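What follows is a set of notes on a single structure, which appears directly below.
What follows is calculated from the coordinates using simple rules that are stated; it is not laboratory data. Here the structure is a predicted model, which means the values were calculated and not measured. All Cβ positions, glycine included, derive from the backbone under ideal geometry; neighbour counts span all protein chains shown.
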Amino acid sequence: MTDGATIFKQRQRATWSAGKWDRMAELIVPVGQVVLAAADLEPGMVVLDVGTGSGSNISIPAAQVGAKVTGSDLTPELFDDARRRAVEAGVEVDWVEADAEALPFPDDAFDRVFSTFGHMFAPRHAVAASEMARVCRPDGQITTSTWTPEGSTGAMFKTLAKYLPPPPDGVESPLAWGSEDHAREIYEPLGLELRFSHDTNYVEFPSASEQMAFMSENFGPMVMAKAALGDRWPALETDLLALTEDWNEATDGSVRFPQQYLVTVARFK
């Protein structure tokens, strides 16, 4: 592994453990439902959720369907909430600390491999894709959701990037995964054929200021940015509030914020 990738993963773990991801995950529960529907999941299937977080989007719903589920994440600090949620849902999930670029599972181990906005943050896309393909059975399927670079969440990450140090050399932009052309470039050399669909998740808040307060308290990248920027934080906050207003579809003072994403279904030819 390159030094840049190692440093980046250390930063990622610190970032995603800094906020309250379990609160954030509640905003994207509908995305998990879309991804599961695209995967033709059946009871008894053996499933891996890469970048599971606190498990509420894929791991726990898949277990409720009757699948045998492993939820993996680079940030095991999130598993306390995952275990609590699994108990509340009355299901069992095997929670495993794992790097998406070096999954600790044998070849052909899973009928379905999922990731909702998880694998996209691995620094080397071809490495992560080859690992997901390696652990997926030849008759299985990889199903993921990724933020699109031209969408509102892509714009948010680009705004954050203007205020923060650049990533180490060799780290690819996570937003590239939201492009169909990039997904083809990464997956097709692995012998996978792809099917795409585009969808939108909506986040609603009483006001832009309340959305900003929620995000700055719970979303790891913003929590880290606020701590790091000090006196520069108000400038970033202003830019993010302006972005919210630009994308807001509500007209009554509240916020209805659209988040555009790509669903990719990959199967071996």
Checklist line | Residues whose placed amide H lies under 5 Å from that of residue 46, excluding near-sequence neighbours | finding: 68, 111, 112
Next item on the list: Using only Cα atoms, find the angle between the long axis of helix 3-18 and the longest principal axis of the chain, and express it within 0 to 90 degrees, rounded to the nearest 10.
Entry: 70
Check: Expressed as a rounded percentage, what relative contact order does the chain have, with Cα pairs under 8 Å and six or more residues apart?
Finding: 22
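Find, to one decimal place in angstroms, the Kirkwood hydrodynamic radius of region 62-143, where the mean of 1/r is taken over every pair of different Cα atoms and then inverted.
Working: mean 1/r = 0.0747 Å⁻¹.
Across region 62-143, the inverse of the average 1/r is 13.4 Å.
Would you mind computing the Rg to Rh ratio of region 199-248 from its alpha-carbon coordinates, Kirkwood style for Rh?
Working: Rg = 11.4 Å, Rh = 11.5 Å.
Using Cα coordinates only, the ratio equals 0.99.
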Check: Between region 243-269 and region 113-175, what's the alpha-carbon centroid distance in Å?
Finding: 17
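How much mean residue ellipticity at 222 nm does the chain get from its helices, if each DSSP H run of length 4 or more adds -39500 (n - 2.57) and you divide by all residues, to the nearest 500 deg cm²/dmol?
Numbers: 11 runs with 116 residues, N = 269.
Result for the chain: -13000 deg cm²/dmol, rounded to the nearest 500.
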Next item on the list: Name the aspartates and glutamates eligible as straight-distance cross-link partners of residue 68: C-alpha to C-alpha under 18 Å, and not fewer than 8 places from it in the same chain.
Entry: 40, 42, 49, 88, 92, 94, 97, 107, 108, 111, 139
Next item on the list: Determine the sum of side-chain charges near residue 142: Lys and Arg each +1, Asp and Glu each -1, restricted to other residues whose C-beta is under 10 angstrom from that of residue 142.
Entry: +2
Next item on the list: Tell me, rounded to the nearest percent, the portion of alpha carbon pairs in region 146-269 spaced more than 23 Å apart.
Entry: 41
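Taking every DSSP beta bridge with both residues inside the chain, roughly what % is antiparallel (nearest 5)?
Values: 21 of 40 bridges.
Just about 50 percent of them are antiparallel.
Fewest first, what order do 52, 244, 15 take by the number of other Cβ atoms within 10 Å?
Numbers: 52 30, 244 21, 15 18.
Listing 52, 244, 15 from fewest to most nearby Cβ atoms yields 15, 244, 52.
Averaging over all projection directions, find the projected area of the Cα convex hull of region 16-91 and quote it in nm² with one decimal place. Let's see the in-between values first.
Numbers: hull surface 18.1 nm².
The directionally averaged projection comes out at 4.5 nm².
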Item checked: Per-selection metrics, region 111-184 (Cα): Rg and Dmax in Å -> 13.5, 45
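Rg to Rh for region 33-178: what is it, with Cα atoms only and Rh by Kirkwood?
Working: Rg = 15.4 Å, Rh = 15.7 Å.
On the Cα set of region 33-178, Rg over Rh gives 0.98.
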Margin query: List the lysines whose Cα sits under 24 Å from the Cα of residue 269, skipping any in the same chain fewer than 8 residues away.
Written below: none
